[in-house]
Amino acid sequence: MRLMGRTGWAVLVGWLWLTLVPSLSAKALDVPPLSGHVVDLAQVLPPETVKFLSSEIQAHEAKTSNQVAVLIVPSLEGEPLFDFSHRVATSWKLGRHGTDNGVLLLIAIKDRKIRLEVGYGLEGVLTDARSAQIIRNEIVPRFRAGDVPMGVKAGVQAVLNTIEGTYSVPERPITSRSEGDAFANALLAVIVGVVVGLLFSRANRILGPMVGGGLSFLAAPWIIPALIAGGVSLVLVTLLSGLGQGAGGRRRGNGSPFDGTWFSTQHGGWGSGGFGGSFGGSDSFSGGGGDFGGGGASGDW
């Protein structure tokens, strides 16, 4: 049997492209179950914060019938923020059927993205502009300062107050001190890492720099300052421990090669990762059949 000609191969390749490629790219991030008013899959909220937010949202729902939920994920895994947020809100069916009075606050930690998804029935009061103001003025500055729990609390409170008609935009939005704080915290992390690293170097000169660098990495905020602080501490401990060895005579060392990966963070640069946080709220909660049309706003930090 003769092989297909160029035209036949072109048709086959085109058919495979049109049928297989869309199916491969269509694989989307799974929507987590609605286990409570606050679903913290990234474990960045202390249990008391989850409990506080849940009680505030429950009280608001009892008073207004509006349904508000918070979802915090470690990463979007490449899926567009808007697409995932809309899928979650519609899958969870936040809000009452017919009134569509639901709101979703979605936060993706590693992607540093925020989305407020607003149901049809609340688009008139929680407008796109007001949603953007809440993200920009209440959430982002606190996130940039490294206080994620306070940022989530401020954002949720602003959403509830806006719906209830009591929210007012701050005359002077909270300014972020992330650069100054990051430098000061990174410097402190280096000092701590060097001191601890030198102590460990007394027992093992290979272990000391690794411990000092790892400790500085964990103690510094954000991923870039953490990497810099860890590297600086590692170099300083190595140099200082070498000087000490020269001054105090040859030091015995029976250390073996050390696996420095122990100090890598669980959540991609968020310190020690979580506060023993929960994977969701403990309150019983389910959507009421609401619908969403894409209203809301997005932001990043």
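Each value in this text was obtained by applying a stated rule to the coordinates, not by laboratory testing. All values reported here derive from a predicted model rather than from experimental measurement. Cβ coordinates were reconstructed from backbone atoms using ideal geometry, including for glycine residues, and neighbour counts include every protein chain displayed.
Just a few scattered comments:
- Positive dipole terminus of region 69-157, leading residue within Leu81, Ile139, Leu126 (C-beta point charges): Ile139
- Highest-first arrangement of 70-83, 93-106, where packing means the average Cβ count within 10 Å: 93-106, 70-83
- Long-range HN-HN contacts of Val38 with modeled amide H, under 5 Å: Val70, Gly281
- Measuring r between the beta carbons of Val125 and Leu29 and using R0 = 35 Å, the FRET efficiency lands at 0.70.
- Between Phe82 and Val195, the C-beta separation translates, for a Förster distance of 41 Å, into a calculated FRET efficiency of about 0.30.
- Cβ-derived FRET efficiency at R0 22 Å, Ala132 paired with Thr64, nearest 0.05: 0.45
- A simple rule links phi to the HN-Hα coupling: the Karplus curve 6.51 cos²θ - 1.76 cosθ + 1.60 with θ = phi - 60°, which for region 40-48 gives 9, 6, 8, 6, 10, 10, x, x, 5 Hz, with x for Gly and Pro.
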